[in-house]
């Protein structure tokens, strides 16, 4: 969800935020609208829940994700997308019944959760009941927290998160459900990094493969930074911040092999 901050709106109260493949459409109560582009690295709100709470409703491709009422804010339902036969990216499960759905309807065998404790607490999710239900149904629940709206946290967390994802896919006991809060920033970034590092794609191909199915704006620079961190460990290497804008959008075969070895070595760390 990192891609929808740092936006300037009119003073009229916003009624609905629509997310789609071209960016964001914001509707005021008077139904006037403006098209706004997704920002990959926002410098605006540092807290997704408070940003979303400024809208009465948030939609993704026609489905209501989030509803704000006088009684507080809540997610309407899970929203998810099948990216590959093995991989689903979506929003947070909210109750044990959601785990039943993931298991019975989608054959999910693994859940990779990118949320921090504060994300879970803000939305009032009983994570213990969700983890308990996962155990009862034979779903392996994994946590690799990354801070929302923080590209540096995402960059540093990507290798371990991808390590867990790659392990789950290699085990092959059901699909992997990867989620953060809205399933639009951290979770898709992890899946894109996995496809880039393990599926013989460059970053742009992996990015387009996911976002063409699930419109979102994960932080591409964080993925490039994590790729650099894994591929280059020379003490004299040039700092990532000094490299060209598109550096590490692709890697040589030997670099990909090195990345894969280093990611797999992180499985149990």
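The values are calculated or read from the model by the stated rules, or taken from the named source; none is laboratory data. What you see is a predicted model, and the numbers here were worked out from it, not measured in a lab. Note that we place each Cβ from the backbone using ideal geometry, even for glycine, and neighbour counts take in every protein chain shown.
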(Q) Quick test of your reading of the structure: residue 236 fulfils all but one of (1) under 20 Å from the mean Cα position of the chain (by Cα); (2) modelled with pLDDT under 95. Name the failing condition by number. (A) (1)
Q | Pair list, Cβ < 6 Å and 6+ apart or interchain, from the range 174-186 residues that are surrounded by fewer than 24 Cβ atoms within 10 Å (Cβ to Cβ) to residues that are in a strand (DSSP E or B) and at pLDDT below 95 | A | none
**Q.** Flag for residue 210 being in the same structural domain as residue 102 (by TED's automatic domain parsing) and under 20 Å from the mean Cα position of the chain (by Cα)
**A.** yes
Q. Could you say whether any residue in the range 223-233 is assigned to a loop (DSSP other than H, G, I, E, B), in contact (Cβ under 8 Å) with a residue 60 or more places away in the chain and either crowded, with 19+ Cβ neighbours inside 10 Å or within 15 Å of the chain's Cα centre (by Cα) (or both)?
A. no
Q: Could you list all residues from the range 249-263 that are closer than 14 Å to residue 195 by Cα and either in a loop (DSSP other than H, G, I, E, B) or over 23 Å from the mean Cα position of the chain (by Cα) (or both)?
A: 249, 250, 251, 257
Q.
From the list 102, 87, exactly one residue is within 17 Å of residue 181 (Cβ to Cβ), assigned by TED's automatic domain parsing to the domain that holds residue 168 and surrounded by 19 or more Cβ atoms within 10 Å (Cβ to Cβ). Which is it?
A. 102
Q) Here are some residues: 143, 147, 118. Which one is surrounded by fewer than 20 Cβ atoms within 10 Å (Cβ to Cβ), in the same structural domain as residue 191 (by TED's automatic domain parsing) and touching a strand residue (DSSP E or B) at 6+ places or on another chain (Cβ under 7 Å)? A) 143
